[in-house]
1. Is it the case that Val140 is closer than 21 Å to Ala39 by Cα, within 17 Å of the chain's Cα centre (by Cα), in a strand (DSSP E or B) and at pLDDT 90 or above?
2. Could you please let me know if Ala100 is of a type in the set (A, V, I, L, M), in the same structural domain as Asn156 (by TED's automatic domain parsing) and under 16 Å from Val151 (Cα atoms)?
3. Out of the residues in region 103-117 that are surrounded by 15 or more Cβ atoms within 10 Å (Cβ to Cβ) and not in a strand (DSSP E or B), which is modelled with the highest pLDDT?
4. Taking Trp54, is it touching a Leu at 6+ places or on another chain (Cβ under 9 Å) and surrounded by fewer than 19 Cβ atoms within 10 Å (Cβ to Cβ)?
5. For the list (1) in a loop (DSSP other than H, G, I, E, B); (2) modelled with pLDDT of 95 or more, I need the number of the one condition that Thr96 fails.
6. Sort out which residues of region 230-262 are small (Gly, Ala, Ser), loosely packed, with under 15 Cβ neighbours inside 10 Å and touching a residue at least 40 places away in the same chain (Cβ under 8 Å), and write them in order of number.
7. In region 1-26, which residues are among the hydrophobic types (A, V, I, L, M, F, W, C) and either assigned to a helix (DSSP H, G or I) or at pLDDT 75 or above (or both)?
8. Could you please let me know if Thr69 is buried (at least 16 other Cβ atoms within 10 Å of the Cβ), more than 18 Å from the chain's Cα centre (by Cα) and of a type in the set (Ser, Thr, Tyr)?
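The values are calculated or read from the model by the stated rules, or taken from the named source; none is laboratory data. Quick caveat, the model's predicted, so the values are computed rather than measured. A quick note on method: Cβ atoms are made from the backbone with ideal geometry, for glycine too, and the neighbour counts reach across all protein chains shown.
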Amino acid sequence: MQLIAVPPASPSQSLPGSEAAQTALAGIISVIGDRDFGASALARLNACMPLCWWSVYRIFAASPPTMYTSGSYEVRDGTQEAFDAYRAGLYRRDQTFAAAWEHTARGDMLLTHWDARELPARHREQIYSRHGLRERLSLVCRDHEDGLLAVNLYRNIDQAPFTDQAIDAVRSLAKPLLACVSKHLSLLPAGDQRPASTGLFEHLTPRERQVCERLLQGLTHDGIAADLGVSATTIKTYRDRAFARLGIHHRNELYALALSGCSQSSRATGGQSLEPGPALPARRRKQGLTR
């Protein structure tokens with residue numbers, strides 16, 4: 001594991017590939033606010049360096065994480081599936097951001113670099129091995145008192161490992177890249193900015209919430225499937241899981257629940273409640289900080 005400080009000012013020296021990095025950044029700026037920002041921005045980043053996935057999510061000290069955007073490049077997009085597995089329980093024992101909690105104050109940024117082989121077996125198997133991921137480079141910022149914003153860049157087993165040169169390139173892009181992401185998040189509807197632990201669908205995974213939101217909009221199962229890029233059968237599976245958590249059985253009950261303005265998930269039989277976020281131990285093994 002590497003922990004790399006991002007300096008207050010951009011490095012004055014010219015880094016190899018800086019022209020490509022500037023081209024990538026200009027491309028990302030051009031798609032801010034687009035509906036497919038996740039996939040489009042990743043495609044622009046690939047003009048600078050090879051990446052298979054990226055994701056942007058926020059981690060909280062006492063509630064489940066929330067993902068805001070993600071995408072894949074020239075590979076199957078498993079980012080939502082991987083995040084669902086993470087949010088379903090892996091996040092509670094995840095220590096990959098522990099050093100970032102220790103070493104950042106509000107507004108600070110760090111890069112963390114993890115190889116899949118360094119991760120606990122369950123985390124590695126459910127996300128990295130299942131999707132053929134090799135490693136993750138994360139730009140982490142303390143943007144809330146109780147939250148970390150993480151911009152995660154992934155390489156798979158068919159791609160070369162991150163070199164020191166590649167990490168330096170990401171480090172030089174850290175501030176403008178985070179500014180682009182923050183600007184895009186500011187343009188999202190207010191409902192997309194709330195932590196997942198509040199509101200009508202507080203106990204649902206992101207995909208279950210997406211399905212329920214589209215059901216409330218009147219979309220058919222086929223329409224939702226086309227919108228989310230999955231099969232109608234998969235949509236029905238997410239619907240059934242969501243309804244079980246909410247303690248309902250039919251779409252008209254979902255409408256009634258939404259109109260009532262309160263969650264009835266406490267009535268659910270067999271519904272899974274989400275526990276608080278990962279405990280932050282008072283004392284941890286110190287990680288080396290590269291400046």
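1. Working: closer than 21 Å to Ala39 by Cα: yes; within 17 Å of the chain's Cα centre (by Cα): yes; in a strand (DSSP E or B): yes; at pLDDT 90 or above: yes.
Against the criterion (closer than 21 Å to Ala39 by Cα, within 17 Å of the chain's Cα centre (by Cα), in a strand (DSSP E or B) and at pLDDT 90 or above), Val140 qualifies.
2. yes
3. Let us first name the residues in region 103-117 that are surrounded by 15 or more Cβ atoms within 10 Å (Cβ to Cβ), namely 103-104, 108-116.
Then drop every residue that is not not in a strand (DSSP E or B), which leaves 103-104, 108, 116.
On the way: His103: 83, Thr104: 80, Asp108: 82, Ala116: 97.
Among residues in region 103-117 that are surrounded by 15 or more Cβ atoms within 10 Å (Cβ to Cβ) and not in a strand (DSSP E or B), the one modelled with the highest pLDDT is Ala116.
4. No.
5. (2)
6. Gly261, the sole residue that qualifies.
7. Taking region 1-26 first, the residues among the hydrophobic types (A, V, I, L, M, F, W, C) are 1, 3-6, 9, 15, 20-21, 24-26.
If the condition is that a residue be among the hydrophobic types (A, V, I, L, M, F, W, C) and either assigned to a helix (DSSP H, G or I) or at pLDDT 75 or above (or both), then Met1, Leu3, Ile4, Ala5, Val6, Ala20, Ala21, Ala24, Leu25, Ala26 are the ones that fit.
8. Details: buried (at least 16 other Cβ atoms within 10 Å of the Cβ): yes; more than 18 Å from the chain's Cα centre (by Cα): no; of a type in the set (Ser, Thr, Tyr): yes.
Criteria not met by Thr69.
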